[in-house]
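The values are calculated or read from the model by the stated rules, or taken from the named source; none is laboratory data. Since this is a predicted model, take the numbers as computed values, not measurements. Please note: Cβ atoms are built from the backbone with ideal geometry, for glycine as well, and neighbour counts cover all protein chains shown.
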Amino acid sequence: MPAREKIGNQSQAEPEGALRVQRDHEAIARLADDLLPALIAKLASSGLGEIEVHQGGWKARLRMPAPTGESRRGAGRALDTTSGLGHIGRGIAGRSRSEERDPRPCPEEEAPCDPNPTVARSPAVGVYHPRGDLAVGMRVRAGDRIGYVNVLGVNQDVVSPVDGIIGSSLAEAGEAVEYAQELVRIELPERSAEADGGRPGRAPAGVVGQA
Amino acid sequence: MFTKVLIANRGEIALRILRACRMLGIGAVVAYSEADREGLAAQLADEAICIGPADAKHSYLSAPAVISAAVVTGCDAIHPGYGFLSEDDGFADVVRAHDLAFIGPSAEVLERFASKEATRRLLAAHGLMTIPGSTMLRDEAHALEEAERIGYPVLIKPSAGGGGKGMRLVRTARELDSAFKVSRSEAKAGFGDDSLYLEKYLDDNRHVEIQVAVDRFGNAIHLGDRDCSVQRRHQKLIEETPSPALTDAARRDLAERALKAVASAGYENLGTLEFLVDGKGEAYFIEINCRIQVEHPITELCTGIDLVALQIKIAAGEPLGIAQADVVSRGHAIEFRILAEDPAKDFRPQAGMVGAYLTPGGPGVRMDSHLYPGYEIPSYYDSLLGKLCVWAPDRALAIARGDAALRELLVDGVTTNIELHRAILANQVFIDGKVTTSLLDRVGSAPFVAAGNR
């Protein structure tokens, strides 16, 4: 990790720095052995989404992974009878309410909240255009541009959230999309390899999209 | 008339606009943030579209997101509601540039009335009395100089925005220095504009406002007054119409002067002129709100005129269709803002999930709210849960109906200010119609609640 390498380089040049690094490593070991297991147990039993502890000059923050599907759906059950209304993201992309994401916003609000990180989502309201050469089975890295959403003439990139393989498209080229709408499924390499009988790399389109 | 309107707001006002559109036979699309995915307006809309994350900067306050949503859903107009982009002349201009209509005053009108300080001067030139105040403040030194000239106490006020944000009461030069910095940063954060000015603070004043409507053909009407003197930290809690602070003659005179001034200054669409009325009954103009007001339902209850529908019609280029003689205000109406705030804990905003929810009924009772059982109140926005409004032939009966309705109203799962409203209604100062804007801040909520519990 770059940060550790930097500390290591400094330690060769400065004895004081070496001592500091040693103290840091001891602190990390204490955190890992004593504090973290206790915090994990506390977090699991508390029902909290996040817990942060300050100790000396150190800070540890634990956040529960975002659960998926039904388990994250809470508020609004009373109104579930409204399913099938013409909400653009639901109607156009064909999402059913059981596939919807949790209404609760993520703590990080700059990016679409994503309980399912293997789907590329729309960064804005606009008109979706996939990259010209995008094809099922294509390998992508996290952050690779796989298309764009045109917002009043300004293109905003749609990027892959993970390293993986392009799966099925969930929106058509030229389609109006809403913020955070699911656009393209991204299959994780190991999962697609299993689905492909162990062959790494390319996976059959029909299987990739089913994960 | 429009064919489809994008509603770029949330909560009760999004629902109110949706209902007005349906009544007019116009299609409507509700634009919502991720935090409002389960909001009632988004749920009840024929069409809804997510425009961004919970942070309003990237959703309800994002002009590209809102306009793009209107374009891709095939809307021909945008209703901004109140707050957010509702009085942003730049936004109104960009909306028009995209061949969409802005439901509100035109960009030029909004720009003319954008600065509160400049509006005071403009309407003073058109015959309204204003409170002594400063020009726009350059810095702390200028503020000190102007405050000395006007005389303490003074109010520091942001030139943009509303809702009491950035306003500070300052009684000494020493207080001014720190309050100036706080107001400036609050104004910048709240409205993106840190321009401030000073206004002489009148102790024991009443807040009275006049509702006007002006179409593009120069037809202008007023729809009476509203009294919003029950406030906490410059935020209205209870509003009523007609104001108990004015005689009928004074009421008519103020409404006519306000309408004449605003129409001759070139205003268009729905608007509200706010005044402070002192102990002698003198009304000083303080500011104009170029949008639909939170408290508009009480005017609707007394006049029978749908103000949101009227606003939409004016924006669509239709004539008012009603003359001043057609506007008849009957009876008395009171609005209670139901807030997710804990009066016992310094009105701290509350979040959480609504459990049981029961709205009151009976003659003259109206509840505008986006709540439902199981609704998770997001912590990102203001604490308004709804508006309970009552109407009756006279004020005494309106107070009685208000109390009965507040008793029936049940919002479980979150602390609200319902009991505080009941306590205020039972207070002799309110019953006598003598509440002033500073009363609640001066005595706090505890004496009201304690007296109400006796």
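Quick grid of which residues meet (1) more than 30 Å from B:His58 (Cα to Cα); (2) in contact with a strand residue (DSSP E or B) (Cβ under 7 Å, 6 or more places away or on another chain); (3) at pLDDT below 95:
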position: B:Ala356; (1), (2), (3): yes, yes, no
position: B:Leu409; (1), (2), (3): yes, yes, no
position: B:Val414; (1), (2), (3): no, yes, no
position: B:Ser438; (1), (2), (3): yes, no, yes
position: B:Ala446; (1), (2), (3): yes, no, yes
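For the residues B:Leu270, B:Leu237, B:Leu259, the requirement of being under 20 Å from B:Phe113 (Cα atoms) and in contact with a Cys (Cβ under 9 Å, 6 or more places away or on another chain) singles out B:Leu270.
For segment B:248-304, the tally of residues that are in a loop (DSSP other than H, G, I, E, B), surrounded by fewer than 21 Cβ atoms within 10 Å (Cβ to Cβ) and not charged (D, E, K, R) stands at 5. Kindly check whether there is at least one residue in segment B:426-444 that is in a loop (DSSP other than H, G, I, E, B) and charged (D, E, K, R). Taking every residue of segment B:426-444 in turn, at least one turns out to be in a loop (DSSP other than H, G, I, E, B) and charged (D, E, K, R).
Any residue at all in segment B:331-352 that's out of contact with any Ser or Thr (no Cβ under 7 Å at 6 or more places or on another chain) and either under 30 Å from B:Leu100 (Cα atoms) or not assigned by TED's automatic domain parsing to the domain that holds B:Phe430 (or both)? Checked segment B:331-352: no residue is out of contact with any Ser or Thr (no Cβ under 7 Å at 6 or more places or on another chain) and either under 30 Å from B:Leu100 (Cα atoms) or not assigned by TED's automatic domain parsing to the domain that holds B:Phe430 (or both).
Does B:Asp46 fit the bill of being more than 30 Å from B:Pro158 (Cβ to Cβ) and surrounded by fewer than 21 Cβ atoms within 10 Å (Cβ to Cβ)? So B:Asp46 passes the test.
Restricting attention to segment B:227-247, the residues that are assigned to a loop (DSSP other than H, G, I, E, B) and under 8 Å from B:Thr437 (Cα atoms) add up to 1.
Looking only at segment B:378-390, which residues are at the interface with chain A (Cβ under 9 Å from one of its Cβ atoms) and in contact with a Ser or Thr (Cβ under 8 Å, 6 or more places away or on another chain)?
Scanning segment B:378-390 gives a single hit, B:Tyr380.
Please verify whether segment B:406-417 includes one or more residues that are on the phi > 0 side of the Ramachandran plot and either touching a His at 6+ places or on another chain (Cβ under 7 Å) or surrounded by 15 or more Cβ atoms within 10 Å (Cβ to Cβ) (or both). There is at least one residue in segment B:406-417 that is on the phi > 0 side of the Ramachandran plot and either touching a His at 6+ places or on another chain (Cβ under 7 Å) or surrounded by 15 or more Cβ atoms within 10 Å (Cβ to Cβ) (or both). Scanning segment B:125-144 for residues that are assigned to a helix (DSSP H, G or I) and surrounded by 14 or more Cβ atoms within 10 Å (Cβ to Cβ) yields B:Glu140, B:His142, B:Ala143, B:Leu144.
The requirement of being touching a helix residue (DSSP H, G or I) at 6+ places or on another chain (Cβ under 9 Å), in contact (Cβ under 8 Å) with a residue 60 or more places away in the chain and within 19 Å of B:Met167 (Cβ to Cβ) is not satisfied by B:Ile221. Restricting attention to segment B:42-98, and to residues there that are without any contact (Cβ under 8 Å) to a residue 60 or more places away in the chain and charged (D, E, K, R), which single residue is farthest from the other protein chains (Cβ to nearest Cβ)? Here the residue is B:Asp89. Where residues in segment B:99-113 are in a loop (DSSP other than H, G, I, E, B) and more than 16 Å from B:Leu61 (Cβ to Cβ), which of them is farthest from the other protein chains (Cβ to nearest Cβ)? Filtering first and then ranking leaves B:Phe113.
Filtering segment B:23-41 to residues that are touching a residue at least 24 places away in the same chain (Cβ under 8 Å) and either at the interface with another protein chain (Cβ under 7 Å from one of its Cβ atoms) or of a type in the set (S, T, N, Q) (or both) leaves B:Ser33, B:Glu34, B:Ala35, B:Glu38.
Annotation note: of B:Pro373, B:Pro393, B:Pro363, B:Pro349, the sole residue that is within 14 Å of another protein chain (Cβ to nearest Cβ) and either in contact with a Lys or Arg (Cβ under 6 Å, 6 or more places away or on another chain) or not hydroxyl-bearing (Ser, Thr, Tyr) (or both) is B:Pro373. Check whether at least one residue in segment B:100-117 is at pLDDT 95 or above, on the phi > 0 side of the Ramachandran plot and under 20 Å from the mean Cα position of the chain (by Cα), and report yes or no. Yes; the residues of segment B:100-117 include at least one that is at pLDDT 95 or above, on the phi > 0 side of the Ramachandran plot and under 20 Å from the mean Cα position of the chain (by Cα). For segment B:373-393, the candidate set comprises residues that are more than 21 Å from the chain's Cα centre (by Cα) and not in a strand (DSSP E or B); within that set, the residue that is farthest from B:His296 (Cα to Cα) is B:Gly374.
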